[in-house]
Every structure is written in structure tokens, then in C-alpha cells.
Amino acid sequence: MNTFQNSNVLITGGLGFIGSNLARKLTNLGANVTLVDSLIPSYGGNLFNVADFLGKFNVNVCDVRDPFAMAYLIQDKDYLFNLAGQTSHMDSMSDPQTDLDINATAQLSILEACRKTNPKIKIVFASTRQIYGKPDYLPVNENHPIRPVDVNGINKLAGEWYHLLYNNVYGIKACALRLTNTYGPGMRVKDARQTFLGIWVRLLLEGKPIKVFGDGLQLRDFNFVDDCVDALLLAGASNEANGKVFNLGSSEVIDLKDLAKLMVGLGHGGTYELVPFPPERKAIDIGDYYSDFGLIQKELGWAPKVKLTEGLKKTMDFYFAHKEHYWNDLA
Ligand SMILES: NC(=O)c1ccc[n+]([C@@H]2O[C@H](COP(=O)([O-])OP(=O)(O)OC[C@H]3O[C@@H](n4cnc5c(N)ncnc54)[C@H](O)[C@@H]3O)[C@@H](O)[C@H]2O)c1
């Protein structure tokens with residue numbers, strides 16, 4: 001991790017959930033960190049995510065769709081952690097063009113900026129397990145067929161492959177991590193735009209029942225954000241990672257009903273109820289999913305460390321203490 005000391009690092013989506021946690025860690029490792037974020041209200045960016053270390057890094061409120069701003073910001077950086085994205089699967093279906101513009105077109109123009117102004121940069125791209133679609137087998141490894149079930153999955157796949165292509169054709173060091181459901185302090189909990197877990201946290205703390213769709217038997221794996229940040233840093237520091245994609249995941253697999261029970265039992269009260277799947281969600285649901293993360297374990301030595309109960313407790317305690325920053329009218 002000494003690799004990052006005194007290095008110049010750009011994080012797109014840096015005021016968002018994972019980006020802000022990554023920024024905190026990189027700042028502590030001695031990196032000169034610049035964050036880029038558009039702070040579009042319906043997305044995950046929130047200034048409170050960085051309130052505890054404001055002044056220790058640069059913040060640029062701009063849009064990754066602006067090629068001139070991005071070329072300027074990229075030119076002197078050693079590392080780019082490319083995390084900015086439209087993350088809502090439902091929004092990608094109701095407004096596919098915006099998803100395309102951010103998750104694919106802007107990614108291409110960021111890579112063009114790297115090629116033209118700073119081909120020595122190292123890039124880590126935050127991809128998603130959503131690109132696999134409905135699994136043929138479990139756990140899902142990197143060789144599983146790619147069959148996105150929504151517009152977001154297609155555009156994230158394009159974004160991922162632009163990175164690999166620029167690595168393979170132009171030698172711009174880039175790799176991608178296919179993140180599974182990630183949770184922790186700083187995630188968007190106002191609504192279900194980022195993850196269903198977010199809205200569950202809010203409802204539990206408001207004393208309202210959380211809604212589990214269908215029979216609640218859908219299997220999932222989850223990573224606490226600190227583990228995800230460690231994986232991003234390992235991928236950033238390793239030349240072995242260049243040109244590759246790695247799944248993140250967890251061997252603690254749980255169905256959604258048991259997850260709801262677990263969250264209700266964490267000390268902040270609440271209840272859960274099973275409700276029929278809303279048809280628009282059922283249409284893009286992937287059924288059971290959990291990852292085989294053996295490749296990153298073998299090649300980069302990553303494995304998740306934070307147990308689900310411990311991570312969820314930290315998350316609930318964080319929002320209990322800071323809820324006014326995440327779902328009042330200004331958040
Ligand atoms: N959290 C998860 O479970 C998960 C799972 C799979 C993949 N990912 C990927 O990880 C990345 C980070 O996700 P996150 O969970 O931190 O979400 P997030 O919404 O908190 O972070 C994304 C950030 O990007 C910013 N952003 C969006 N469009 C932008 C634009 N046009 N210009 C500048 N900034 C823009 C948002 O304001 C937000 O702060 C995303 O690319 C997402 O697709 C996350």
C-alpha cells in the first residue's frame with residue numbers, strides 16, 4: 001500500500017458511497033486525492049460522506065460527461081479509480097439514454113482523455129455482477145456467460161470493455177472489478193436507487209416494515225465497503241491485474257428473508273413483511289446470485305474480512321447517528 005504514498009489519485013464518483021470510503025483510505029495512505037462528482041440529486045453523491053476529512057483532498061463538482069474537464073483533471077494523475085456511475089437499474093429502464101451517456105459514452109471519452117493526455121495512468125473500473133444476468137450456475141465465476149437483464153447491465157458491460165480494450169490495444173493499464181452488493185456507511189438510503197439494502201436501513205430506522213419481494217428465498221452475497229475498498233486498492237497497486245476482470249463476492253451467502261430477520265435483530269427494532277414482486281422489478285430480477293471470488297483471491301490475495309452481522313451493525317449504527325444527512329429534504 002506504500003505504492004499510493006505521494007501519488008496523485010483521481011476518483012470519479014468520489015462523493016458517492018464507495019468513492020468516499022476509498023478517498024478516506026487513500027488520503028490516510030498519503031495520496032494526493034482529487035474527487036470528481038456531479039452531485040446529481042437522484043444519485044449517491046453526498047457531501048456528508050466526506051465531512052470528517054474535508055480539506056485533506058480536492059473536490060471538483062463536475063460531470064464525467066464533460067470531456068474537457070476530464071482531460072484537464074486526468075493529465076497529471078498516477079491513478080484513476082473510475083467509480084462514477086448511474087447505479088439505478090429501474091432508472092436505466094425508464095431513462096436508458098442517460099444511463100448510456102454516463103455508463104458507456106463518458107467512459108469512452110475518459111479513456112480517450114487518458115490516451116491523449118496521460119497514457120501512463122493506471123485505471124481501476126468499478127464494474128458490476130449485474131452484467132451476468134440470471135445465473136446458469138452458482139457460484140458465478142468470471143467465465144459465466146454475460147447476459148445483462150437491464151439497460152444498466154449492458155452499459156456497464158460496455159464501460160468495462162472499453163477499459164479492457166484500451167489496456168489491450170493502447171497499453172493503458174486498466175482492470176475492472178465486478179462488484180457484488182456492497183453496503184456500509186455512506187450508501188444512499190433515501191430510496192432503493194442504489195440498493196434495496198439502503199431503503200431497508202431507512203425503513204427500519206423509521207420503524208416501518210421492510211418489504212421483502214416474493215418468497216424471500218433469493219440468495220445473495222454482500223461485501224462491506226471496507227473490503228471493497230481493499231480490493232480496489234489491491235487492483236490499483238498490481239500490474240498483474242492489468243487487462244483483467246475480477247469478481248468480488250463473499251462466501252457468506254444468505255437469502256433475503258434471513259437477511260431481513262438479521263437486520264431486524266440488530267438492536268434498532270423494526271419488522272419485515274413478504275410482499276408480491278412489483279412486475280417492473282420481477283422483469284429484471286436475476287433470481288439467486290452469489291459470486292466465485294477465487295480468481296482475485298488467488299491472483300491478488302483478496303478475500304472479504306468483515307462478517308455480515310458486524311458490517312450490518314456498523315451500518316445501522318452509522319445511519320442511526322447521522323440519518324438527518326441522508327434523508328431529510330436536503331440530503
Ligand atoms: N454499491 C454497489 O452495490 C455496487 C455494485 C456493483 C457495482 N457498483 C459500481 O460501483 C460504482 C460506485 O457505486 P456506489 O455504490 O458508490 O454508488 P454511488 O451512487 O454512491 O456513487 C456513484 C457516484 O457517481 C456520481 N456520478 C454519477 N454520475 C456522474 C456524472 N455524470 N459525473 C460525475 N459524477 C457522477 C454520483 O453522484 C455518485 O456520487 C458505480 O459505478 C457502480 O455501478 C456498485
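The table that follows gives values for the structure above.
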| read-out | value |
| --- | --- |
| Every residue from the range 152-174 that is part of a helix (DSSP H, G or I), over 15 Å from the mean Cα position of the chain (by Cα) and free of Cβ contacts under 8 Å to residues at least 60 places away in the same chain | ILE154, ALA158, TRP161, TYR162, LEU165, TYR166, VAL169, TYR170 |
| Candidate set: the range 87-120, residues that are within 24 Å of GLY198 (Cβ to Cβ) and assigned to a loop (DSSP other than H, G, I, E, B); chosen: the one nearest to the ligand (Cβ to nearest atom) | THR87 |
| Selection from the range 46-68 of residues that are within 11 Å of the ligand (Cβ to nearest atom) and in contact (Cβ under 8 Å) with a residue 60 or more places away in the chain | ASN46, ASN49 |
| Test: residue in the range 75-86 that is free of Cβ contacts under 8 Å to residues at least 60 places away in the same chain and more than 9 Å from the ligand (Cβ to nearest atom) | yes |
| Qualifying residue in the range 136-146 (condition: away from the ligand (no atom under 16 Å from the Cβ), more than 24 Å from GLN194 (Cβ to Cβ) and surrounded by 21 or more Cβ atoms within 10 Å (Cβ to Cβ)) | no |
| Selection count where residues are more than 16 Å from the chain's Cα centre (by Cα) and either surrounded by 22 or more Cβ atoms within 10 Å (Cβ to Cβ) or farther than 19 Å from PHE320 by Cβ (or both), scope the range 191-215 | 9 |
| All positions within the range 252-273 that are surrounded by 14 or more Cβ atoms within 10 Å (Cβ to Cβ) and not in a helix (DSSP H, G or I) | GLU252, VAL253, ILE254, ASP255, LEU266, HIS268, GLY270, TYR272 |
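Every number here is computed from the coordinates shown, using simple stated rules; none is lab data. Note that this is a predicted model, so its numbers are computed, not measured. Because the Cβ atoms are built from the backbone with ideal geometry, glycine has one as well, and the counts that use them run over all protein chains shown.
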